[in-house]
Ligand SMILES: Cc1cc2nc3c(=O)[nH]c(=O)nc-3n(C[C@H](O)[C@H](O)[C@H](O)COP(=O)(O)OP(=O)(O)OC[C@H]3O[C@@H](n4cnc5c(N)ncnc54)[C@H](O)[C@@H]3O)c2cc1C
């Protein structure tokens, strides 16, 4: 059995393991992923946690859940050393032998040789970094709120972000949107708070074109971020930083100047490295000189053919490399040809706060610059959704949509607060009980009818909603409709002004039939409804007389029409005699069941979905039914069902779900199929 070990469950590692498992499901291969954390961290959203937009749980994805039902073993362990000669990974207490190794340990912030700064600054490259920084920001506001000394207060409320690249700009923008919220909460004046963004490069976002940089600068200034560029930072202490000749006093210095290889890579001296701790790779992404060691993500140092720079340390590179590495390992084991790494990159997107962002995206030969707008952010969300689909399916996508759009506070989302107003769920309880009661009233008489007279006793197809007032009326309309035994009977019984259905020939007949159909959509069929198609008939008549081929065409159509009519006749007969009563019986039971469940608050989401489906069926049914019965009351059912679809967990308020659902959840989570397809998970709800 071949042992493949993936070291690091970041963007590159997690996808490599999944790609490998998909291919190796039936082969004798053991795949193990090792990570020092029990969860994968969505690093691209760290600034959102640091600046209090989303909770830390929102950006964790537990490996246990990702690999559930898959042949991938997860080991939580921190590897200290890789013994390439003996092919094993070594941690404090364990050793992990491998035949093939994939290294994807990512990066850590770099201090460009000034490691003494480390203890005075905050970094942003792990979940711990983000939560620590968030807590520190809150603490500064708490302290400032009770500090009388203006100088000390100013220092507490001074925030400095060092490095105006992607991470720095995202952090500064996010913080700027957070500050007004904090000022309100801690009764601090906004004017007392300062956010500075520093960089030795001549402009913010130096890798973007100048126009985009200027645009970013404008947006940052609008958010009251002071941007200072063109001078180096030096002399960082606990409470200050020197920028050029100026000394800025601050208790919060956030260091986002760039990255270097992870600590493990740092410690390796028996492997070739370049470009701040990246592993030199050949075109198959094998580490130079080590055939059974592959590299993914930020750890790769590889310059693709025709390029001048190594591949970027970005998520897209991690995704691309994971596919290639999985393919090449499979190829090697099954003795097939390996592929060369020829990645295509589609640009970069930077958010400035929760509502807008900038982007440079497109194909290598057609790059589009998107200035500060919601479009860039929309693309970013879309890319994230695609990534989550690969990692944890719709379950994660839904949780992402919830924490980015529905559960946001202070309008901090791309659509402001449009989707996110929270209402206490208790207010939906009367709606639930009332809707349940109404369904109960619909279902009960029908079920009693069926039980007393036999399941096929009484045709109730259109009898909805059977309100107290219209019950009799509906039933008589219904009786009329159901007296038509088949389609041609229906047609023959229906008088078209000036003619009858039988007298109309060929294509005209179809038109008349269509006409009938549309007329049927209206509750009260009146003559004006026929106006339009009589004009059409006239036009066709004219052509039929003047062009022979139109006659042939009509003949062909008539032939098809007859076939169709025969089939539909058979179909209608079957429906009327057997399918319809059976269907109604099921429907009646469904109505009663949905009613009872909603009243009790048991399986509320399912019952609300049932209510929605039943309502839609009845609406569609009434549109297509011959008598065109449609009552606006149906919309109340529709709207109430949507409200009860449990956005925000209202099913658990004053209901049996409160007691039952935790047990159901526990049971479902044990079913392998459910685990594997991420249908019902835990720990990702936010
Ligand atoms: C704040 C921020 C914002 C970003 N925004 C973007 C963006 O918008 N777009 C973009 O493309 N990129 C962005 N990036 C960069 C992107 O996150 C990285 O390129 C990507 O994470 C690289 O993936 P990876 O798999 O190489 O490493 P990582 O995702 O860093 O994963 C490395 C994994 O290895 C594990 N590990 C490390 N050492 C060990 C060890 N010794 N033993 C066991 N496990 C270990 C870690 O726990 C981690 O799970 C951003 C990064 C940050 C920090």
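The values are calculated or read from the model by the stated rules, or taken from the named source; none is laboratory data. Treat the numbers as computed from the prediction; the structure is a model and nothing was measured. Glycine also receives a Cβ, built like all others from the backbone with ideal geometry; neighbour counts cover every protein chain displayed.
Worth pointing out:
- Within the range 1-26, the set of residues being without any contact (Cβ under 8 Å) to a residue 40 or more places away in the chain and in contact with a strand residue (DSSP E or B) (Cβ under 9 Å, 6 or more places away or on another chain) comprises just one member, 1.
- The residue that is nearest to the ligand (Cβ to nearest atom), counting only those in the range 241-257 that are within 24 Å of residue 126 (Cα to Cα) and touching a strand residue (DSSP E or B) at 6+ places or on another chain (Cβ under 7 Å), is 256.
- Flag if residue 130 is under 17 Å from residue 254 (Cα atoms) and near the ligand (Cβ under 9 Å from one of its atoms): yes
- Residue in the range 254-271 that is surrounded by fewer than 17 Cβ atoms within 10 Å (Cβ to Cβ) and under 30 Å from residue 217 (Cβ atoms) present: yes
- Any hit, the range 157-170, residues being surrounded by fewer than 16 Cβ atoms within 10 Å (Cβ to Cβ) and more than 15 Å from the ligand (Cβ to nearest atom): no
- Matching residues, the range 258-280, being away from the ligand (no atom under 12 Å from the Cβ), in a loop (DSSP other than H, G, I, E, B) and on the phi < 0 side of the Ramachandran plot: 269, 270, 271, 272
- The range 18-50, residues that are away from the ligand (no atom under 11 Å from the Cβ) and not in a strand (DSSP E or B): 18, 19, 20, 21, 22, 23, 24, 25, 26, 27, 28
- Only one of 70, 153 that is over 30 Å from residue 213 (Cβ atoms), at pLDDT below 95 and touching a helix residue (DSSP H, G or I) at 6+ places or on another chain (Cβ under 8 Å): 70
- Candidates 377, 358: the one that is at pLDDT below 95, within 14 Å of the ligand (Cβ to nearest atom), in contact with a strand residue (DSSP E or B) (Cβ under 6 Å, 6 or more places away or on another chain) and more than 30 Å from residue 284 (Cβ to Cβ) is 377.
- Across the range 423-435, not a single residue is classified as assigned to a helix (DSSP H, G or I), touching a strand residue (DSSP E or B) at 6+ places or on another chain (Cβ under 8 Å) and touching a residue at least 60 places away in the same chain (Cβ under 8 Å).
- Options 350, 385, 295, 325; residue that is touching a helix residue (DSSP H, G or I) at 6+ places or on another chain (Cβ under 7 Å), farther than 18 Å from residue 167 by Cα and in contact (Cβ under 8 Å) with a residue 40 or more places away in the chain: 325
- Among the candidates 85, 115, residue that is surrounded by fewer than 21 Cβ atoms within 10 Å (Cβ to Cβ), at pLDDT below 95 and away from the ligand (no atom under 13 Å from the Cβ): 115
- Condition check for residue 626 on (1) outside any helix (DSSP H, G or I); (2) loosely packed, with under 15 Cβ neighbours inside 10 Å; (3) modelled with pLDDT under 70: one failure, at (2).
- Being exposed (fewer than 15 other Cβ atoms within 10 Å of the Cβ) and either modelled with pLDDT under 85 or part of a helix (DSSP H, G or I) (or both) is a property that holds for residue 417.
- Any pair with Cβ under 6 angstrom, 6 or more apart, that starts in the range 137-150 at a residue that is part of a loop (DSSP other than H, G, I, E, B) and ends at one that is modelled with pLDDT of 95 or more and surrounded by 16 or more Cβ atoms within 10 Å (Cβ to Cβ): 147/153
- Here residue 94 fulfils each of the conditions (1) under 25 Å from residue 285 (Cα atoms); (2) within 14 Å of the ligand (Cβ to nearest atom) apart from (1).
- Test: residue 60 is within 24 Å of residue 299 (Cα to Cα), crowded, with 18+ Cβ neighbours inside 10 Å and either within 15 Å of the ligand (Cβ to nearest atom) or touching a residue at least 24 places away in the same chain (Cβ under 8 Å) (or both): yes
- Number of residues in the range 356-410 that are surrounded by 15 or more Cβ atoms within 10 Å (Cβ to Cβ) and assigned to a loop (DSSP other than H, G, I, E, B) equals 3.
- Residue 82 satisfies every condition listed in (1) over 26 Å from residue 166 (Cβ atoms); (2) under 36 Å from the mean Cα position of the chain (by Cα); (3) not in a helix (DSSP H, G or I) except (2).
- Summed over the range 97-112, the residues that are outside any loop (DSSP other than H, G, I, E, B) and either more than 26 Å from residue 271 (Cβ to Cβ) or within 11 Å of the ligand (Cβ to nearest atom) (or both) give a count of 5.
- Output for the range 177-198, where each listed residue is crowded, with 22+ Cβ neighbours inside 10 Å and either within 16 Å of the ligand (Cβ to nearest atom) or without any contact (Cβ under 8 Å) to a residue 12 or more places away in the chain (or both): 178, 197
- Selection within the range 281-313 - surrounded by 18 or more Cβ atoms within 10 Å (Cβ to Cβ), within 16 Å of the ligand (Cβ to nearest atom) and not in a helix (DSSP H, G or I): 281, 285, 287, 293, 294, 295, 296, 300, 301, 302, 311, 313
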